[in-house]
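I have placed the structure first, in the form of structure tokens, so that the comments after it can refer back to it.
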């Protein structure tokens, strides 16, 4: 699937590429790998789209656990991965708070377009411990769940919501009539 609307500026893409050189950046998916593994089994998931895949830690964790799934990475900081594609399960783990605010609607629309069955999205609501090279906190959007939920509900059915230390995650499904928006 090719994107029609931009999801990142070139300047920010370069800042993200630089930040990804830090081996401790982009590791949140490792903590969610056991949950993803359970969802794969529960929903008989054959394909997984990792939106904001970074260094593909989720793929590595699933492989280490012996989970076989058609893994489809997407991350604008890693153009070699190609564009976002739909899958049985779309994971967007510790990504949305990193999005430039002016592109958030486009990213959420992207997710709505590729989430055909289920989505697992985790969102941190406070500041990150890491900073961009320009001095900004790595979490560009630091908003509570009450700010995020209306935007998610515009595009998805919230099947499950769980608070976490520092944020929350949701399990979503497409809203009727919005599949492939």
query = Restricting attention to the range 85-106, does a residue exist that is surrounded by 13 or more Cβ atoms within 10 Å (Cβ to Cβ), at positive phi and in a loop (DSSP other than H, G, I, E, B)?
reply = yes
Regarding the range 134-150, can at least one residue be identified that is touching a helix residue (DSSP H, G or I) at 6+ places or on another chain (Cβ under 9 Å) and exposed (fewer than 13 other Cβ atoms within 10 Å of the Cβ)? yes
Of the residues in the range 110-127, those that are surrounded by fewer than 19 Cβ atoms within 10 Å (Cβ to Cβ) and at pLDDT 95 or above come to 117, 126, 127
Pairing a residue in the range 97-108 that is within 11 Å of residue 142 (Cα to Cα) with any residue that is buried (at least 21 other Cβ atoms within 10 Å of the Cβ) and modelled with pLDDT of 95 or more, where Cβ atoms lie under 6 Å and the two sit 6 or more apart in sequence or on different chains, gives 97/123; 97/124; 97/139; 99/107
In the range 140-166, anything part of a helix (DSSP H, G or I) and farther than 25 Å from residue 102 by Cβ is listed as none
> Going by the structure shown, is residue 128 in contact (Cβ under 8 Å) with a residue 60 or more places away in the chain, in a loop (DSSP other than H, G, I, E, B) and more than 14 Å from residue 175 (Cβ to Cβ)?
Replying inline: no
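The values are calculated or read from the model by the stated rules, or taken from the named source; none is laboratory data. Keep in mind that this is a model prediction, so the values were computed, not measured. Don't worry about glycine lacking a Cβ; one is built from the backbone with ideal geometry, like all the others, and counts go over all protein chains shown.
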